[in-house]
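Worksheet: one structure, shown below.
Nothing in this text is a laboratory measurement; each read-out follows from the coordinates by a stated rule. What you see is a predicted model; the values in this text were computed from it and never measured. Here Cβ is always computed from backbone atoms with ideal geometry, including for glycine, and neighbour counts include all displayed protein chains.
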């Protein structure tokens with residue numbers, strides 16, 4: 001398989017990378033970060049452009065970190081290379097439903 005630069009890691013502390021192309025399951029993805037370090041991951045799912053995938057094994061309830069910030073928590077164990085999205089992450093930004101619930105309580 002040919003390795004292509006297809007994802008970026010936006011902060012040194014991130015545990016996810018963002019796809020800059022559509023990725024297919026079993027693609028070997030080259031990831032660059034802001035310090036020009038290069039690493040590779042074999043993705044375990046099809047990853048659409050702009051979506052995240054895991055750079056390490058993430059345990060259920062562990063923080064998802066992007067931009068060096070916690071953007072949510074894993075709702076299940078996520079293996080390296082797996083798609084990280086609403087099916088396995090509970091986001092903590094833009095949660096209007098929680099704001100409304102707090103106002104009603």
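Observations on the model:
- Each principal axis of the Cα cloud of the stretch 4-104 was taken in turn, and the coordinate range along them, longest first, works out to 50, 27, 23 Å.
- Label point distance in nm, residue 80-residue 38, each placed 7 Å from Cα along Cα→Cβ: 1.8 nm
- Given their separation in residues at 0.36 nm each and the Cα-Cα distance between them, residue 46 and residue 10 gain 10.9 nm when the chain is fully extended.
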